[in-house]
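As structure tokens, the structure follows; a few thoughts come after it.
The values are calculated or read from the model by the stated rules, or taken from the named source; none is laboratory data. Quick caveat, the model's predicted, so the values are computed rather than measured. Here Cβ is always computed from backbone atoms with ideal geometry, including for glycine, and neighbour counts include all displayed protein chains.
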Amino acid sequence: MNSTSGSHKHLRFHRLSGAFFGDEPVRHEVTDFLLFTLIAGLCAWPIMSMAVAIAHMVS
């Protein structure tokens with residue numbers, strides 16, 4: 001058995017799984033991106049608030 005036949009099996013499996021899952025992976029990536037953005041924003045908010053407070057205190 002040569003390596004090209006194994007490659008064809010993987011390609012067929014990839015096409016089958018792509019047809020089965022459809023757009024679901026894209027939805028998961030969008031959900032993950034939005035969740036990451038929310039968490040990053042919540043983490044950055046106190047730092048930005050501190051920077052503004054220090055800027056007001058210095059000036």
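Is there a residue in region 5-26 that is at pLDDT 80 or above and of a type in the set (Asp, Glu)? Within region 5-26, none of the residues are at pLDDT 80 or above and of a type in the set (Asp, Glu). The set of residues in region 11-27 that are assigned to a helix (DSSP H, G or I) and either surrounded by fewer than 10 Cβ atoms within 10 Å (Cβ to Cβ) or of a type in the set (Phe, Trp, Tyr) (or both) comprises PHE13, ALA19, PHE20, PHE21, GLU24. Put simply, of ALA44, ALA40, ALA51 the only residue that is assigned to a helix (DSSP H, G or I) and either touching a residue at least 12 places away in the same chain (Cβ under 8 Å) or over 21 Å from the mean Cα position of the chain (by Cα) (or both) is ALA51.
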